[in-house]
Each structure stands twice: as C-alpha cells, then as structure tokens.
Amino acid sequence: MIMNKLYLKDLSKDIKLILVAFLITLSTGILVGMIYVIKTTDSNPEGIIQHYNGKDTAIINDISDWDSPPKVKKYLHDMLETTHTHITSFAIISMLVGSIFYFNSTINNKLKIFLIIEPFISTLVTFGSLWLMRYVNDSFAYIVMISAALLYPCWIIMISISLYELLFKK
C-alpha cells in the first residue's frame, strides 16, 4: 500500500495557525516552568537537594530572601502530588509535541524517533530520581540534572523545527 506522506509544510493555513498558536503558548508554559526550576533550585545539585529535602535554616534573615519560596522538606503527599502532576503533564506535552513534530520534513529516521521518545524516558528517570534523592541518597540529584538536560533540549528542538516548518518552509 502506497501512502502519501503528510508534512507540516503542506497543511492548510488555518491548521498551521492553530498549531503555531498552540506551540507558542506551550513554549511559554515550558519557559515559565524552566524559570521556576532555576529560581527554586539554582540549577545545581545542592539546590535540588535543598528544594526536596529542605534546608537546615528555615528562618529568613535577609529581606532579599523574601522573594524566594522557603526550602522545606517535601513529605510523601508533596512528592506524590508533584510526581503525579508532572509525569501526567509531561507525558501529554511529549505526546502532543512529538505528534506534531512527527510530520516534519527536516529530520527523519532514528534521530526523529529519538527526539520523540527521549522525553518520555527522561520524565520517568527525572521523577524516579527525585524519589531516590529524597528517600535514598542525595547523589541522585545528578541524575535529575542529566535527565532534565536531555528532556528540555528535545522539546525545544522539536518545537523549533515544527515552528520553522509551519511558518517558513514551503
């Protein structure tokens, strides 16, 4: 059976507009999430550990600290809530972005499949590592950072290529 390949660049203007609006809105949400992570963890293992395990001093001594959330230990219900909401939303984000990206004509074969599948794997590794860091050993913070360093670039690459094809490729 011969099937014609459907590409983003070949879609109608109306569908392109809807997808562009969705990808830009989703990218804004991802960017805000990344800013939150940077703000609450300082993008380093010690910051991640403090965010989930708490910090010894919970007293705010400096007025400049008032703009940051306190570093308090996350209890089981906090961990369950964070894991549930993030794994579910990250899976939906990965599915939607990956489904749109699948129809690009710029990247094909194994690289395309890697970029689509990798965020699902990193999501499970990231949040599994958070549990291991919280309840087993602080060193799992490094795995959290590595898996996030794979996940976010995959989303950014897929979104960027999809937007390029939807807006500029003829």
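The values are calculated or read from the model by the stated rules, or taken from the named source; none is laboratory data. Note that this is a predicted model, so its numbers are computed, not measured. Cβ atoms come from the backbone with ideal geometry, glycine included; neighbour counts cover every protein chain shown. With ligands, DNA and RNA removed, areas are computed over all heavy atoms of the protein, side chains included. Shrake-Rupley method; radii C 1.70, N 1.55, O 1.52, S 1.80 Å.
Figures for the structure shown
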read-out: Verdict on residue 108 being closer than 30 Å to residue 5 by Cα and crowded, with 16+ Cβ neighbours inside 10 Å; value: no
read-out: Residues of region 128-170 that turn out to be of a type outside the set (A, V, I, L, M, F, W, C), assigned to a loop (DSSP other than H, G, I, E, B) and closer than 30 Å to residue 104 by Cβ, as a count; value: 2
read-out: Search result, residues across region 157-168 that are closer than 11 Å to residue 23 by Cβ and surrounded by fewer than 17 Cβ atoms within 10 Å (Cβ to Cβ); value: 160, 164, 167
read-out: Residue 114 vs. criteria modelled with pLDDT of 95 or more and assigned to a helix (DSSP H, G or I); value: yes
read-out: Whichever residue in region 9-54 is of a type in the set (Phe, Trp, Tyr) and farther than 17 Å from residue 151 by Cα and, among such residues, is most open to solvent (accessible area, probe 1.4 Å); value: 22
read-out: Every residue from region 72-89 that is over 14 Å from the mean Cα position of the chain (by Cα), surrounded by fewer than 14 Cβ atoms within 10 Å (Cβ to Cβ) and outside any loop (DSSP other than H, G, I, E, B); value: 76, 77, 78, 80, 81, 84
read-out: Test: residue in region 133-141 that is surrounded by fewer than 17 Cβ atoms within 10 Å (Cβ to Cβ), over 21 Å from residue 84 (Cα atoms) and modelled with pLDDT under 95; value: no
